[in-house]
Amino acid sequence: MTQTATPRRARAEIDLGALRANVRTLRARVAPHVQVMGVVKADAYGHGAVRCARAALEAGATWLGTATPQEALALRAAGIAEARIMCWLWTPGDPWDRGIEAGLDMSVSGMWALREVTRAAEAVGRPARIQLKADTGLGRNGCQPADWPELVGEALKAEAQGLVRITGLWSHFACADEPGHPSIAAQLDVFRSMLDFAEKAGVEPEVRHIANSPATLTLPEAHFDLVRPGIAMYGVSPDPAVGTSAELGLRPVMTLKASVALVKRVPGGHGVSYGHHYVTPGETTLGLIPLGYADGVPRHASGRGPVLVGDRVRTVAGRVAMDQFVVDLGGDAPEPGTEAVLFGPGDGGEPTAQDWAEAADTIAYEIVTRIGARVPRVYLGE
């Protein structure tokens, strides 16, 4: 959602210039032959898929990645016609035929999916572009090593019949955000073994890939032909163990702001918000921030979430409600309409998404992704 006038209640400012710079930084982390896939699933982690996809392509990404076919088809419908788009989260009955017609690269993790995509290819009358996913240890989607020979063999038969083109072989890390975790080397060994089997059987993939954001940043041996940065493209560190955004040369793209809706003076001993989990220690002023868990502000950050109001960082007083929460202003009395910044890059003294993640006992991915559609996105740098 783009606004021509600045929204008063709340807004998420999306700095597309920062996103382009992040893509260029990530592009510089990999060898010249390695391609970059900009992952724009979940509405580009809450940032807006179409605009972020276009910005990523402008900055040097050559692929886009989505989870669902519906997300990928929406990019095509928005006019992104030439870029390669891969989608990987398919369920039985999904629109394989539309994916083929749209020229998507579609992930296949098991025989049911291969059967469905080949039937769709027969119906459409053109081959499907598929990428075979290996489960190298994450234990989610992907084909187990024991079942890999059957999947590879049947996919090659379908390719010989002109029903599919095997464009890629890929997998996903479980613990790449924990540098030195033993599963990283183990998964790489399994991936190389499964690649070797498939290629000796006759698969000629265009791309082989396993590297997510943390692997793109820290594991050059995992880059293969393509890397898939997601959260890093939006300037958020995958984990403090990998480094802060600034240390990684990345700039957070989203800044979440609201206007203070009310400022009032209350006596000491005054309960605040549901359950009175916060009681004012003395006479003070309270500020009402018109954002709540319906907008994506985590209720788990009640009593802990940081907010910049004026020149001071305040803390959520009491529980986060559906549409609003309160901060104790400590006697300060800013005018209603004063800007409150929940998170941003941090260089203006405001909290970051990582600060909110720590306050809510979660990860920064969730903080930015959960900001809901009721918060207008305002795009900067278009």
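Numbers for the structure displayed
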read-out	value
Candidates 67, 55 - the one that is open to solvent by 10 Å² or more (accessible area, probe 1.4 Å) and at pLDDT 95 or above	67
Residue 349 being free of Cβ contacts under 8 Å to residues at least 60 places away in the same chain, farther than 28 Å from residue 271 by Cα and in contact with a strand residue (DSSP E or B) (Cβ under 7 Å, 6 or more places away or on another chain)	yes
Residues of the stretch 79-135 classified as among the hydroxyl-bearing types (Ser, Thr, Tyr) and touching a strand residue (DSSP E or B) at 6+ places or on another chain (Cβ under 6 Å), total	2
Boolean, residue 368 is at negative phi, part of a strand (DSSP E or B), open to solvent by less than 50 Å² (accessible area, probe 1.4 Å) and touching a residue at least 24 places away in the same chain (Cβ under 8 Å)	no
Filtered residue count, the stretch 292-318, keeping only those that are part of a loop (DSSP other than H, G, I, E, B) and more than 17 Å from residue 262 (Cα to Cα)	8
Answer residue from the stretch 224-256, given it is among the β-branched types (Val, Ile, Thr) and not in a loop (DSSP other than H, G, I, E, B) and is nearest to the chain's Cα centre (by Cα) among those	231
Leading residue by the ranking (farthest from residue 249 (Cα to Cα)) among those in the stretch 352-364 that are surrounded by fewer than 22 Cβ atoms within 10 Å (Cβ to Cβ) and touching a strand residue (DSSP E or B) at 6+ places or on another chain (Cβ under 7 Å)	359
Hits in the stretch 70-103 (condition: open to solvent by 10 Å² or more (accessible area, probe 1.4 Å), under 25 Å from residue 17 (Cα atoms) and not in a loop (DSSP other than H, G, I, E, B))	71, 74, 76, 77, 84
Tally, over the stretch 261-306, of residues that are open to solvent by less than 60 Å² (accessible area, probe 1.4 Å) and among the acidic types (Asp, Glu)	1
Residue identified as in contact with a helix residue (DSSP H, G or I) (Cβ under 6 Å, 6 or more places away or on another chain) and under 21 Å from residue 375 (Cβ atoms) among 343, 325	343
Hits in the stretch 266-284 (condition: hydroxyl-bearing (Ser, Thr, Tyr) and out of contact with any Gly (no Cβ under 6 Å at 6 or more places or on another chain))	274
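The values are calculated or read from the model by the stated rules, or taken from the named source; none is laboratory data. Treat the numbers as computed from the prediction; the structure is a model and nothing was measured. Methodologically, a virtual Cβ is constructed for each residue, glycine included, from the backbone with ideal geometry; neighbour enumeration extends over all protein chains shown. Ligands, DNA and RNA are stripped out before the accessible areas are found, and what is left, the full protein with its side chains, is counted by its heavy atoms. Shrake-Rupley method; radii C 1.70, N 1.55, O 1.52, S 1.80 Å.
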